[in-house]
Structures are given as structure tokens and as C-alpha cells.
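Trainee: Before anything else, here's the structure in question.
Values quoted throughout were computed directly from the atomic coordinates according to the rules given, and no laboratory measurement underlies them. Since the model is a prediction, treat every value here as computed from it, not as a measurement. Here the Cβ is made from the backbone with ideal geometry for all residues, glycine too, and neighbour counts use every protein chain on show.
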Amino acid sequence: MKIKTAEIVMSAVAPKQYPEGLMPEIALVGRSNVGKSSAINTILGRKKLARTSQNPGKTRTINFYLINEEFHLVDLPGYGYAKVSKTSRAEWGKMMETYLSTRENLREVVLLVDIRHEPSNNDVLMYEWLRHFGYGTIVMATKKDKISKSKLQKHVNIIRTKLKMNVEDVVVPLSALKKEGIEKVWEAFTKKMDLE
Ligand code: GTP
Ligand code: MG
């Protein structure tokens with residue numbers, strides 16, 4: 001995928017703030033700190049478009065990025081951040097549910113998990129939720145640079161098993177540090193969005 005333009009168009013908390021139009025859209029979801037914002041920068045080849053942090057809880061709004069004036073990538077706030085109050089957790093749930101259940105042009109919601117670890121119970125719940133809405137055919141396994149190549153397949157299998165993924169669904173390992181896995185991500189994304 002050749003990225004000609006990439007810009008943030010909206011940081012939304014409510015549906016009325018979502019960008020209008022019927023452009024295809026793909027959103028990224030996962031635990032806080034798993035690397036969603038970094039993944040967006042990596043696949044777009046932009047260093048600081050999406051804001052990242054070593055501390056969890058950086059992304060707090062639904063951030064819409066317009067790519068090539070053709071489709072949206074959406075960065076979502078993460079879950080499982082211990083310091084968050086019950087009230088904000090409930091708000092997160094409401095915001096996510098509203099987005100997932102009402103966004104018509106949403107073609108896929110990609111779950112991101114850390115390649116080093118077996119998906120947590122929260123990841124499993126999130127994945128089941130995505131399935132319920134008809135999403136979850138692509139999983140991105142982040143921080144690929146933190147395990148050796150010889151262990152890659154084993155870790156991918158652990159993820160597939162724990163999430164009970166279907167054989168036709170894909171796990172794409174990604175490294176934001178080494179910029180690896182980018183083409184495979186676009187291959188999966190363009191198929192979903194009927195681009196090219
Ligand atoms: P929230 O916005 O809090 O939900 O987090 P996030 O999922 O957007 O995570 P973010 O992209 O901010 O990254 C969290 C931390 O993980 C940062 O310190 C990143 O540099 C690091 N990180 C992300 N991806 C990778 C990767 O592929 N390899 C390595 N080594 N570090 C990564
Ligand atoms: Mg983020």
C-alpha cells in the first residue's frame with residue numbers, strides 16, 4: 001500500500017463526532033500498551049501521527065485517521081489499565097459498544113495482542129465481543145522483535161488456540177521497532193476494504 005496522505009480527522013467520544021461519509025474503515029483494539037498507536041504509525045510509515053507512550057492509557061478517544069482520502073484507520077482506547085476508575089471503565093464500555101454497534105462502514109475491528117504472552121481473559125472477552133459484532137478475522141501480534149524467530153510459530157499457535165480462532169482467520173506478527181509485518185497487514189486490510 002502506497003501511503004500518499006495520512007492525517008487525523010477527528011478525536012471523538014460520541015457518534016455525532018464520527019466523520020461522515022461511507023468510506024471503508026478499520027479499527028484497532030486491544031489492551032492498553034499493547035501497541036495500537038505504534039502499529040498505526042508503523043503501517044503508515046509515520047513516526048508520530050498517532051501518539052504513543054510507555055505508560056498505559058495514552059489513547060482516550062476514538063481517533064479517526066484519513067488515509068489517501070480513501071479510507072479510515074481508527075485508533076481506539078485500550079482496556080485493562082489498572083489505574084482506571086470504575087466510572088471510566090463503564091464509559092469506555094459504552095463508548096466502544098456505541099462505536100462497534102452503530103458504525104456502518106466499519107469493515108473490520110482488529111484485535112492486537114502481545115506476541116510474548118498468551119492472550120488474557122480480557123483479550124478473550126474482547127475477541128468474543130468482536131465476533132458477536134461480526135469482526136475479529138484479523139489479529140495482530142505486536143512486539144515481534146521481543147521473541148526469537150524460532151519461537152514465532154509457537155507463539156502464534158498459542159494465540160490462535162486461546163482465542164479459538166477459525167482456520168481462515170489471520171494472525172499477523174508486527175514489529176514497530178524493526179518495521180516488520182507491514183505488507184502482511186496491508187494485504188489483509190486491503191482485502192477487507194475492497195481496495196486495489
Ligand atoms: P494505549 O493508547 O494506552 O491503549 O496504548 P497503545 O496500545 O496505543 O500502545 P502504544 O502504541 O502507545 O505503545 C506502548 C509501548 O509499547 C510504547 O512504549 C511503544 O514504544 C511500545 N511498542 C509498541 N509496539 C512495539 C513493538 O513492536 N516493539 C517494541 N519493542 N515495542 C513496541
Ligand atoms: Mg494508544
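Trainee: Is one or more of the residues making up the stretch 25-44 more than 9 Å from ligand 2 (Cβ to nearest atom) and surrounded by fewer than 16 Cβ atoms within 10 Å (Cβ to Cβ)?
Mentor: Within the stretch 25-44, none of the residues are more than 9 Å from ligand 2 (Cβ to nearest atom) and surrounded by fewer than 16 Cβ atoms within 10 Å (Cβ to Cβ).
Trainee: Only one residue in ILE67, ILE40, ILE8, ILE3 is hydrophobic (A, V, I, L, M, F, W, C) and closer than 22 Å to MET126 by Cα, so which one is that?
Mentor: Testing whether each residue is hydrophobic (A, V, I, L, M, F, W, C) and closer than 22 Å to MET126 by Cα leaves just ILE40.
Trainee: Related question: Which residue pairs have Cβ atoms under 6 Å apart, sit 6 or more places apart or on different chains, and have a first residue in the stretch 174-196 that is on the phi < 0 side of the Ramachandran plot and a second that is among the acidic types (Asp, Glu)?
Mentor: Correct list of pairs: SER175/ASP145; LEU177/ASP145; LYS178/ASP145; THR190/GLU196; LYS192/GLU108.
Trainee: Okay, next question. Would you check which residues across the stretch 132-158 are on the phi > 0 side of the Ramachandran plot and surrounded by 17 or more Cβ atoms within 10 Å (Cβ to Cβ) and list them?
Mentor: Once the filter is applied, which keeps residues that are on the phi > 0 side of the Ramachandran plot and surrounded by 17 or more Cβ atoms within 10 Å (Cβ to Cβ), the stretch 132-158 yields GLY136, LYS143.
Trainee: Any residue that is within 12 Å of ligand 1 (Cβ to nearest atom), out of contact with any Pro (no Cβ under 7 Å at 6 or more places or on another chain) and among the polar types (S, T, N, Q) - is there at least one of those in the stretch 63-79?
Mentor: yes
Trainee: Just checking, does the stretch 126-134 include any residue being within 21 Å of TYR18 (Cβ to Cβ), assigned to a loop (DSSP other than H, G, I, E, B) and not aromatic (Phe, Trp, Tyr)?
Mentor: Yes, some residue in the stretch 126-134 is within 21 Å of TYR18 (Cβ to Cβ), assigned to a loop (DSSP other than H, G, I, E, B) and not aromatic (Phe, Trp, Tyr).
Trainee: Starting from residues that are aliphatic (A, V, I, L, M) and more than 15 Å from ligand 1 (Cβ to nearest atom), keep the ones in the stretch 170-191 and report whichever is surrounded by the most Cβ atoms within 10 Å (Cβ to Cβ).
Mentor: ALA188
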